[in-house]
Amino acid sequence: MSKIRIPGNPASRLRRLGLCLVLCFSLTGCDLLYRMLHKEGAEEKELLGDMVPFQKNPAVEEVQTLLSIYGYSPGKADGVIGLRTRNAVEEFQRDNGLEETRFVDKATWEKLMVFKDNNFIVKNKLNVKLVQTALKEAGFDPGVADGKMGTKTKNAIMAFQKANGLTADGKIGYKTLAKLSEVFPAREEAGR
């Protein structure tokens, strides 16, 4: 392996190296430097876009809304990422076996979005009707699948949670949704 040699004395070599770095970053932009210095922050910027202090960002608002649905406390879903949102992201990462960076990296984004992909979350709201259908298919009677979180549905949720080793609190959080979503692959394969 050969070394690159920059001719001249140490001071002139340093100036030339500095000039090379300035040219590199002026041609490729600050994003390259940011990616080199802070990988997680750069990934978050790619996924969520620019985050200007005190300015609403729709992607941040979506993250906050999903964290709230999953039982975390990111504060008001205002589209501004602050300390409460960072704390909620970290707690979500910890609970899901992700690296605790406090930033919405690709792995965190994928975990946050998984229930949108299978329609348990629609238009940033819990799809209660689908929850009721999944409960019924899992053998727990929520009553009529009407999309309303009534007493019978809450009781079915608590029974489902208890049967699956979850905290039986009647709330639909991330872990309960994960268990409920297991009902649907079995149903699809049975229909083939």
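So here's what we get for this one:
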quantity	calculated
Filter result for residue 85 (β-branched (Val, Ile, Thr) and either surrounded by fewer than 16 Cβ atoms within 10 Å (Cβ to Cβ) or without any contact (Cβ under 8 Å) to a residue 24 or more places away in the chain (or both))	no
Residue match in the range 141-163 (condition: of a type in the set (Val, Ile, Thr), out of contact with any Leu (no Cβ under 7 Å at 6 or more places or on another chain) and assigned to a loop (DSSP other than H, G, I, E, B))	yes
Count of the range 90-101 residues which are free of Cβ contacts under 8 Å to residues at least 60 places away in the same chain and surrounded by 17 or more Cβ atoms within 10 Å (Cβ to Cβ)	3
Qualifying residue in the range 44-65 (condition: assigned to a loop (DSSP other than H, G, I, E, B), without any contact (Cβ under 8 Å) to a residue 60 or more places away in the chain and surrounded by 15 or more Cβ atoms within 10 Å (Cβ to Cβ))	yes
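Just so you know, all these numbers are worked out from the coordinates, no wet-lab data involved. Fair warning: this is a prediction, and the values are worked out from it, not measured in the lab. Cβ sites come from the backbone with ideal geometry, for glycine too, and all protein chains shown count toward neighbours.
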